[in-house]
Amino acid sequence: QVVANDVDYKRSNLLIHQTKRTCTTNLMVTNNEGQHFPSCNTKRTLSVASEINPHPIDQLLFDRVLCDVPCSGDGTLRKAPDIWRRWNSGSGNGLHSLQVVLAMRGLSLLKVGGRMIYSTCSMNPIEDEAVVAEILRRCGCSVELVDVSDKLPELIRRPGLTKWKVHDRGGWYRSYKDVPKSQRDGVLRSMFPSGKSDKDSTGGGNSYEEMAYISSDESAVEVCDLPLERCMRILPHDQNTGGFFIAVLHKVSPLPAEFQDKINNRRNSFTRNNINSSEKSSYEAVSDTVVTKPEEGAEEIVLEATVSENGFNPPEKESTCDEGIVELVQKLDDMGGKREVPSLQGKWKGLYPVVFLRDKTVIDGIKTFYGIKDESFPLYGHLVTRNSDISSHGNVKRIYYVSKAVKDVLELNFAVGKPLKISSVGLKIFEKQSAKECEANCCSFRITSEGLPVILPYMTKQILYATMADFKNLLQHKSIKFLDFIHPQIGEKAAKLALGSCVMVLVDDTQLGSEPVKVKTSTIAIGCWKGKASLTVMVTTVDCHQLIERLSDRSKEVEIAENCLKTAETA
């Protein structure tokens, strides 16, 4: 299972679009602020909920964490030369604290024995080695910096820095004790190699007049005693790449109790602030978070755009559902808390709530129509939607399939008050057709293009096997009458299918009469709609053209292979 989080809704929507081609049920995309990413700990948030409905997991922890933090981006100068005009040392200094908090939050969500990668596309040591050094100082022996110099030997890298100076509008500083008190709001102790304050050294803050002398004394620059040389610096001119910084951290034991106490105290403070706030919904549950100043523009999320697919109009705006939230409200009322009835929009502004599909009629109808056996491909508990699944009007329009791992996370999220800001989850596998295209005894849910590779191996009905000639003919004409198939037996079998969604699978001529054919990863299939007298493809025109080109290349490869075989036989 992969949980991908990005506070920027544009980047997260791009991620959703790019991951569609993987056809995975193991992905969840969220839009939480990284420093506030919830651990969904039932013991710390709603212990009553966990007692009423025990869950397979009681906390959201990860085996691996990739912490790619916001940075000044000076390593991308080659592809973004505009950075030259707006870059200054304050960019990295201003992000340093956020980067430390994000990295610490990532480590707190990491399982013991797991690894976290801290990365930036900056060459500024304040954003790189200084952050790693501060992490190691805070975590003590519970986290170690891993030496990966023997990995990826063909990748040219430089070791991390162990000494550097800090620049601000007041000049260059070799240690924190040199920073004037008036500048210490912007230049922090953790930015320096030793991480020591003026209390740890002799002397106090210096004046601006002393800066020139201090800055010129190179021999007095601090040197970090931590193994920062284990970090990796990827320089653009070494291998014609962009600039990148990478550090691999291994969590060998739980984080120090002192750090965990700080998290608990901040979480409790955050809980009280949320309950007393008039600007937030009073039923919001609070996550186990590190509290920092929220990033601007992180409150509203744009949903994944609905694309008009297969020549049909996009669905109307989805309805919403309070399922799960209502149960949570009732539990909180039983605990004596005052809670208002949640709005229909759901907890997060701009996002419809994710709910499990529990309509037995819909699920059983899908199973029967496509011949899916629940023991081989379980549907109950694995289908979710952003619509109400209890509406008498049957307004569930899109159904998503989630793996067991994602299912467990969703159930945990419901138990603690839905702190995860989910923008996409699972794989869209079914979509409802309009009433005019469906007969009375027809299943109104068709299989989507992205869901087809997942469900096809478990289907026993509504499958039509076709040769290359008929397959390409259907792609070219988009719709073919049963009598117009090149192989008449294919048209006869198509006519016998039930009205509604079906799948056409490409087979060799020799396999045409020996179906069912075992589905492989290389199997080519398309979704279709079986009407009263014709068969229509349910993919876009662009996808049709791409598939035709792919089949043409495949035919050429087969022809070349056959010619080579004939030549070898004659020789």
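Give me the distance in nm between label points sitting 7 Å out from Cα along the Cα-to-Cβ direction at Lys360 and Thr460, one decimal.
Label-label distance for Lys360 and Thr460, simple model: 2.2 nm.
Each label point is 7 Å from the Cα along the Cα-to-Cβ direction; what then is the distance between the points at Trp84 and Glu375, in nm?
Distance between label points: 6.9 nm.
Say the cut-off is 22 Å between C-alpha atoms; which of Lys428/Lys461; Lys373/Lys404; Lys432/Lys493; Lys373/Lys478 go over it?
Exceeds cut-off: Lys432/Lys493; Lys373/Lys478.
Only the coordinates and a few stated rules stand behind these numbers; no lab work does. Values in this document were obtained by computation on a predicted structure and should not be read as measured data. Because the Cβ atoms are built from the backbone with ideal geometry, glycine has one as well, and the counts that use them run over all protein chains shown.
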